[in-house]
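Trainee: Would you mind keeping the following structure in view while I ask a few things?
The values are calculated or read from the model by the stated rules, or taken from the named source; none is laboratory data. All figures in this text were calculated on a predicted structure; none of them were measured in a lab. With ideal geometry, Cβ positions are generated from the backbone for all residues, glycine too; neighbour counts draw on all protein chains shown. Side chains included, ligands, DNA and RNA excluded: accessible areas come from the protein's heavy atoms. Shrake-Rupley method; radii C 1.70, N 1.55, O 1.52, S 1.80 Å.
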Amino acid sequence: MHTRGPLACDRGRGADEWLVISAKDGMVLARAATHTAAAGSDHIPHPDPDQMGLTIGEGQDGAALRWGRWNGHTLAIDSFGDQDRVLLAVSPIGNRLLTVTHDQDTLALHRVTDGTVEAELSATALPRHPALETEQFETFEDDEAQAFFDYEGGFLDEDTVVVGTVESDEEFGTGRHWLIDAARMRLTDQLVYPFEVPSLPRVLGDGTWYTVSATETAVHLWTL
């Protein structure tokens, strides 16, 4: 559990803590400071239950990525060099991490052992939204039309990642979803659906992902 603490104004950091709690009786087994001032946070599980990822949003100050390891007695936290990245997913066998920079312009593949970046993909590799070729949007400058990655994505399998550019596409029309070669972090293809899919792709880690209908009354499960 990640808990928010008061802001320490003299250090510009908060007193946030990460806790290991017994599922049996709720007892706190270990605690460690994350040295963050969270506006919100998300846990990202690992196949090994003694490891866990944590993304901590700090509002305009960016995002902090923390990796925790529990040895049965203490909780050790690695900050991976305090990189300003949002953790999206862990690969199915648990040896790699998928992140996106806080400004959403670069996806990266990291080693779990030490956080080293193995490969990156820049949003500049994404093609322009098709609507930008129409007269309605012809006045848009290149920087205004540049797509960026959503804070959502994951591994279909060890070699394939699904991500979206829904947030940056919404001004021009339906958001797009993409297949990424996870080994080399290269754009493979755009996903094409049999009907309009307005939501972010949420990957389930078993070769499938789901989307939600525009009215939020239906969930659709997909596979390649």
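Trainee: If you go through region 205-223 one residue at a time, how many are out of contact with any strand residue (DSSP E or B) (no Cβ under 6 Å at 6 or more places or on another chain) and within 19 Å of residue 107 (Cβ to Cβ)?
Mentor: Total satisfying the criteria: 1.
Trainee: May I ask you to list the residues in region 21-51 that are of a type in the set (A, V, I, L, M), under 21 Å from the mean Cα position of the chain (by Cα) and open to solvent by less than 60 Å² (accessible area, probe 1.4 Å)?
Mentor: 37, 38, 44
Trainee: So residue 172 clears everything in (1) aromatic (Phe, Trp, Tyr); (2) modelled with pLDDT under 95; (3) in contact with a Gly (Cβ under 8 Å, 6 or more places away or on another chain) except one condition, right? Which one?
Mentor: For residue 172, the exception is condition (3).
Rundown of residues vs (1) more than 17 Å from the chain's Cα centre (by Cα); (2) assigned to a strand (DSSP E or B); (3) small (Gly, Ala, Ser); (4) loosely packed, with under 14 Cβ neighbours inside 10 Å, yes/no style:
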{"position": "192", "(1), (2), (3), (4)": "yes, no, no, yes"}
{"position": "200", "(1), (2), (3), (4)": "no, no, no, no"}
{"position": "205", "(1), (2), (3), (4)": "no, no, yes, no"}
{"position": "211", "(1), (2), (3), (4)": "no, yes, no, no"}
{"position": "214", "(1), (2), (3), (4)": "yes, no, yes, yes"}
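Trainee: Determine whether region 76-86 contains at least one residue that is in contact (Cβ under 8 Å) with a residue 40 or more places away in the chain, over 18 Å from residue 17 (Cα atoms) and in contact with a Leu (Cβ under 8 Å, 6 or more places away or on another chain).
Mentor: Yes; the residues of region 76-86 include at least one that is in contact (Cβ under 8 Å) with a residue 40 or more places away in the chain, over 18 Å from residue 17 (Cα atoms) and in contact with a Leu (Cβ under 8 Å, 6 or more places away or on another chain).
Trainee: Related question: Return the pairs, sorted by first residue and then second, in which the second residue is modelled with pLDDT under 90 and open to solvent by 50 Å² or more (accessible area, probe 1.4 Å), the first residue lies in region 14-37 and is among the acidic types (Asp, Glu), the beta carbons are less than 7 Å apart, and the residues are 6+ apart or on different chains.
Mentor: 16/4
Trainee: If I ask for residues that are without any contact (Cβ under 8 Å) to a residue 60 or more places away in the chain, in contact with a strand residue (DSSP E or B) (Cβ under 8 Å, 6 or more places away or on another chain) and of a type outside the set (D, E, K, R), which ones from region 101-126 would you list?
Mentor: If the condition is that a residue be without any contact (Cβ under 8 Å) to a residue 60 or more places away in the chain, in contact with a strand residue (DSSP E or B) (Cβ under 8 Å, 6 or more places away or on another chain) and of a type outside the set (D, E, K, R), then 101, 102, 106, 110, 115, 116, 117, 122, 123 are the ones that fit.
Trainee: Residues being surrounded by 14 or more Cβ atoms within 10 Å (Cβ to Cβ) and of a type outside the set (A, V, I, L, M): count how many of those fall in region 52-84.
Mentor: Going through region 52-84 one residue at a time, the tally reaches 16.
Trainee: Which residues, taken from region 91-115, are of a type in the set (A, V, I, L, M), under 22 Å from residue 166 (Cβ atoms) and open to solvent by 10 Å² or more (accessible area, probe 1.4 Å)?
Mentor: none
Trainee: May I ask you to list the residues in region 164-190 that are under 16 Å from residue 92 (Cα atoms) and open to solvent by less than 20 Å² (accessible area, probe 1.4 Å)?
Mentor: Of everything in region 164-190, those that are under 16 Å from residue 92 (Cα atoms) and open to solvent by less than 20 Å² (accessible area, probe 1.4 Å) turn out to be 180, 182.
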